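Notes to accompany the following structure.
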Amino acid sequence: MNIEEILTSEKIHLQKMHELVQHSINEENLLSQKLLETDEEISLSLSQRLADKIASFGGSWKFIISFLSFMLLWMIYNVSYLFFGPFDPYPFILLNLCLSCLAALQAPIIMMSQNRQEEKDRRRAINDYMINLKSELEVRNLHEKIDLLIADQMNSLFEIQKKQLELLDKIQKQTKHKDKHEPIE
């Protein structure tokens, strides 16, 4: 095996390693795309979308400010005896009943939305775990490939060194042979 053949085989090994790494990168992209598609594939029913909208509105500053404004207007109207007199006098029993009904309806709706969000988070955590596991396996594979590449390179270097030593021996023999036949001046 001469030096050109050794260098050619080294080039072929590097090209194969490059193809393996590229294939691994492409597989990782496919896995990530599949995981993103699973989140988009889930279609929500009308009641689920409505529950999400109610929960997002019920937990916003817009809801809090508007509801406080409504309660203040209710109380001011019933305390000031405008027009025909108060329809809900001071202990505001009707207002308390409305607040209780609102809380009784809003709590399960918010819980439904939170349960669905928790399920989404659980799926994302599983997807993250799978990606991390795949990454760990890829890192291990890359370590093995690099170790094999280093071993191949060491073998190639030893082969090249062996050829160089053989060439040096030939050169030394030729120079000794020339020295014996030529007269010294």
Segment 48-122: C-alpha gyration tensor shape, a/c 1.5 cut-off, then a/b vs b/c: prolate
At R0 = 45 Å, FRET efficiency that the Cβ-Cβ distance of His18 and Trp61 yields, to 0.05: 0.25
Which of Asp88, Asp147 has the fewest Cβ neighbours within 10 Å, and the rest in rising order: Asp147, Asp88
Dmax and Rg, reported as Rg then Dmax, of segment 63-185 (C-alpha, Å): 44.7, 140
Neighbour cut-off at most 12 other Cβ (10 Å), DSSP loop, chymotrypsin sites (Phe, Trp or Tyr not before Pro), segment 54-114: Tyr81, Phe83, Phe84, Phe87
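Computed from the coordinates by the stated procedures, all read-outs in this text should not be read as laboratory data. Bear in mind that the values here come from a model prediction, so they are computed numbers and not experimental data. Virtual Cβ from ideal backbone geometry, glycine too; neighbours counted across all protein chains shown.
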